[in-house]
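Some notes on the structure that comes next.
Taken together, the values in this text are just the output of simple stated rules run on the coordinates, not laboratory data. Every value quoted in this text rests on a predicted model; they were computed, and no experiment measured them. Methodologically, a virtual Cβ is constructed for each residue, glycine included, from the backbone with ideal geometry; neighbour enumeration extends over all protein chains shown.
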Amino acid sequence: MTRFLRHRLFWPVAILVALLALNLVFTDNFFRVQMKDGHLYGSLIDIVRFGAPLILVSLGMTLVIATSGIDLSVGSVVAIAGALACLQISDLGDQNSIGGVLGAVGIALALSVVLGVWNGLLVAGIGIQPIIATLILMVAGRGLAQLITDGQITTVNSSPYKLIGGGYWLTLPFSIIIVAVVLALTAFLTRRLALGLLIESVGGNAEASRLSGISARGVLITVYTFCALCAGIAGLMISSNVSSADGNNAGLWIELDAILAVVIGGTSLAGGRFSLGGTVLGALIIQTLTTTIYSIGVPPETTLLFKALVVTIVCLLQSPAFREKVFHRRRRPQAPSPVTEEKVRVSA
Amino acid sequence: MTSVTGLLDLRRTVPQKYIPVMVTAGLFIAMFVAGGIRYEGFATGQIILNVFIDNAFLLVVAVGMTFVILTGGIDLSVGSVVGLSTMISASLLKDGWPAFGVMALVLVIGAVLGLGMGAIIHYFEIQPFIVTLAGMFLARGLCYTISTDSIPIENSTFTAIAQTRVDLGGDMWVSPSVLIALVVVLAAAYVLHYTRLGRNVYATGGSEQSALLMGLPVARTKIAVYTVSGFCSALGGLLFAFYSLSGYGLSAVGMELDAIAAVVIGGTLLTGGSGYLLGTVLGVLVLGLIQTIISFEGTLSSWWTKIFIGLLLFAFILLQRLITARRR
């Protein structure tokens, strides 16, 4: 039982279950998943569907945070990708042509990759602190997105584009399928190949990994690029779901939600280790929280209040210092708290 | 690259630690001169005073942020505390509370919020980023709980402060908010450079471990800076309420980014331990002047402000990097 209690995913799972149980009490048929017109419907499906962009962004963020970095620019990348794709599609003669939409999607994702490489170069090439390096794109990127859409909300009317965020395929919402594919791919790349180990070692100590022959620079650029790519896909999803691009509000504060999801999922901001499953759980907790607040009839303006409460509780429960002080439990010597862990600096 | 080599020559005559602040000052002067040449009626003292008038609240908030960043922390909650302060003032004044009672209460609430966040950060060893993020959600959530609509302020004391003009002679004037902001800046500069707390702030930011080993009160310092930041945000909120004469839950969204940008442009290292309050003042002025120039230009849209601020951030961070790289 104690082993079970001490599993690092115990608290996130417990919170998620508690939130779902709350829904069971307040909402009838919350867990019923129906088949309508060959599509799956139900609150649970909705949670995953609306949470899909957040899960994607959080996946990218997990890898960045595992290298002890942070990416504040994802919200801006979300806005830029959506804006660029919608602009391209609205310029098409026939908005329903599949080739044209694919081209627009390709251009938007290519720009996301470029922005990711820019972040990566700032962090790995010039050696700027990640939080500031990505702050630049966070501030400028919003302006850039508004520049692309000329400050307007660009609307499109394209059924192939609508599929990405609002469509169905094989009875499932297409966005869920995209998330599943990206998650599977990330899990394969990081847990079956050496990439995950390299990322963790760079997060543990970038200088030591470089000395032991790991291209820390390459790993850093890769994770920032991957993070921006994920944000780009999420941006396509968000703009396709509403068939429009809003440079000002698309993906606003999604970076904060994503960082929260990662932290709730048990990945330490100090880097050096990560949990993809935890991140997905964290993103689902945030989305379930939003859905729960709507379904139990609490005024939606208090959403943020609940979010603050849940975040504080989860973070306090996960903090070894808090558990030691409040529950008077001695810290296990073999697992020192990740926050107090001092990194050994090896000077070049 | 001539400007860079010019800078490096400067090092011999000026202590290196002042270079970032001097560059910001140079930039401010250059922007002002360029604006004066390009636009008619730009190069007047009132333009600079207007920048102060329009950014007095940001200046106060950025002062608090400077304390936090000097210890190597970060405070994301400032914008929403500003919003919360305007909201609390507006709703209590509507209920007929006395103006000075409301001001005192708002300041206490801000300081207590900061104190709480500082205590959680220090005693439970949770990252400042996450704790102040939760604080941001909490304050913003409280705003919406008070009201989702904008509440006008009709209290006579508040409107009197808002409409007062302090004449400086020569057709120049400032608002009382500017004077309050300047008092805050001077007090903060005194605290940072001439008191024990100030030295502890720099020491904690330089190396928390060393500060602890030297027997400095790291716990008290860390909690104090977040309290200062909370207090400054609440005061900034009051100034914002004077400025806009209303309380609105969505006001000052994203102000934390402006405050952080001002501190960074002012040459304070985000890793902590190095930077000056004067730099922060100049950073706020540069941000304000960008907006003034863009409004003078007329044809440029508001989003260019963000792009320019981003470019400036990039240039200044690169410069800091250059200086710290040469120091080794």
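Taking 1.306 mPa s as the viscosity and 10 °C as the temperature, the Stokes-Einstein diffusion coefficient of the range B:204-296 based on its alpha-carbon Kirkwood radius rounds to 103 µm²/s.
Restricting the calculation to Cα atoms, the range A:2-327 yields a radius of gyration followed by a Dmax of 19.9, 66 Å. Inter-chain Cβ neighbour count for B:308-318, averaged per residue, equals 5 (cutoff 10 Å, partner chain atoms only). Per the Debye formula on identical point scatterers at the alpha carbon atoms of the range A:227-296, with no solvent, log10 I(q)/I(0) at q = 0.12, 0.14, 0.22, 0.23 Å⁻¹ is -0.39, -0.53, -1.07, -1.11.
Counting Lys and Arg as +1 and Asp and Glu as -1 over every other residue whose Cβ lies under 15 Å from the Cβ of A:Ile199, the net charge comes to +3. Springs between Cα atoms under 10 Å define the GNM used for chain A, and in it the highest mean-square fluctuation of A:Val181, A:Val202, A:Val223 occurs at A:Val181. Annotation for the range A:138-194 versus the range B:212-230: alpha-carbon center distance of 44 Å.
Could you grab the Rg to Rh ratio for the range B:127-191? Cα atoms only, Kirkwood for Rh. Please list the in-between numbers first.
Details: Rg = 17.9 Å, Rh = 15.6 Å.
Expressed as Rg/Rh, it is 1.15.
Do you know the relative contact order of the range A:171-326, to the nearest whole percent, from alpha carbon pairs under 8 angstrom that are 6+ apart? For the range A:171-326, the relative contact order is 16 percent.
Considering only B:Leu277, B:Leu285, B:Leu250, the Gaussian network model of chain B with Cα springs below 10 Å gives its largest mean-square fluctuation to B:Leu250.
Seen from a random direction on average, the alpha-carbon convex hull of the protein assembly as shown projects onto 33.3 square nanometres. Using just its DSSP H runs of length 4 or more, each adding -39500 (n - 2.57), chain B gives a mean residue ellipticity at 222 nm of -25500 deg cm²/dmol after division by all residues.
Model label points for A:Ser212 and B:Ala162, set 7 angstrom from Cα along the Cα-to-Cβ axis, are 6.2 nm apart. GNM, chain B, Cα, under 10 Å: largest mean-square fluctuation among B:Ala119, B:Ala30, B:Ala188? Among B:Ala119, B:Ala30, B:Ala188, the largest GNM mean-square fluctuation belongs to B:Ala30. Each listed q (0.15, 0.17, 0.32 Å⁻¹) maps to a log10 I(q)/I(0) for the range B:160-202, found by the Debye formula over equal Cα scatterers with no solvent: -0.52, -0.58, -1.02. Peptide packing: for A:12-21, A:125-134, the average count of neighbouring Cβ atoms within 10 Å per residue gives the ranking A:125-134, A:12-21, highest mean first. Taken residue by residue and averaged, Cβ atoms of other chains lying within 10 Å of the Cβ of B:300-306 number 5. Count Lys and Arg as plus one, Asp and Glu as minus one, and take only other residues whose Cβ is under 13 Å from that of A:Glu301; the net charge is then +1. Taking the number of Cβ atoms within 10 Å of each Cβ as an exposure proxy, the fewest-first ranking of B:His193, B:His122 is B:His193, B:His122. Can you tell me the relative contact order of the range A:2-327? Whole percent, Cα pairs under 8 Å, sequence separation 6 or more. Over the range A:2-327, the number comes to 33 percent. The C-alpha atoms of chain B occupy a region whose extents along the principal axes are 62, 58, 34 Å, arranged from largest to smallest. How big is the gap, in Å, between the Cα center of the range B:130-151 and the Cα center of the range A:51-106? Between the Cα centres of the range B:130-151 and the range A:51-106 lies a distance of 29 Å.
Per-residue shielding of A:130-142, expressed as the average number of other chain Cβ atoms within 10 Å of the residue Cβ, stands at 6.
Under the √(5λ) rule applied to the eigenvalues of the Cα gyration tensor, what semi-axes describe the equivalent ellipsoid of the range B:150-222? Give them in Å, descending. Write down the numbers at each step before the final one.
On the way: eigenvalues 325, 58, 13 Å².
So the equivalent ellipsoid measures 40, 17, 8 Å along its semi-axes.
I need the P(r) histogram for the range A:86-161: all alpha carbon pairs, bin width 5 Å from 0 out to the longest distance, whole percents. Cα pair-distance distribution for the range A:86-161, in percent: 3, 15, 18, 18, 16, 12, 9, 6, 3, 0. In chain A, helices alone account for a calculated mean residue ellipticity at 222 nm of -21500 deg cm²/dmol, with every DSSP H run of four or more residues adding -39,500 (n - 2.57). Each Lys or Arg adds one and each Asp or Glu subtracts one; over the other residues with Cβ under 11 Å from the Cβ of A:Gly251, this totals -2. A Förster radius of 56 Å, combined with the Cβ-Cβ distance separating A:Ala194 from B:Tyr18, puts the computed FRET efficiency at roughly 0.75. For the protein assembly as shown, lysine pairs with C-alpha atoms less than 27 angstrom apart, excluding pairs fewer than eight positions apart on the same chain, total 7. Only Lys, Arg, Asp and Glu carry charge here, each on its Cβ (+1 for the first two, -1 for the last two); on that basis the protein assembly as shown has a dipole of about 2560 debye about its Cα centre.
Over all projection directions, the Cα-based convex hull of the range B:63-105 averages an area of 3.4 nm².
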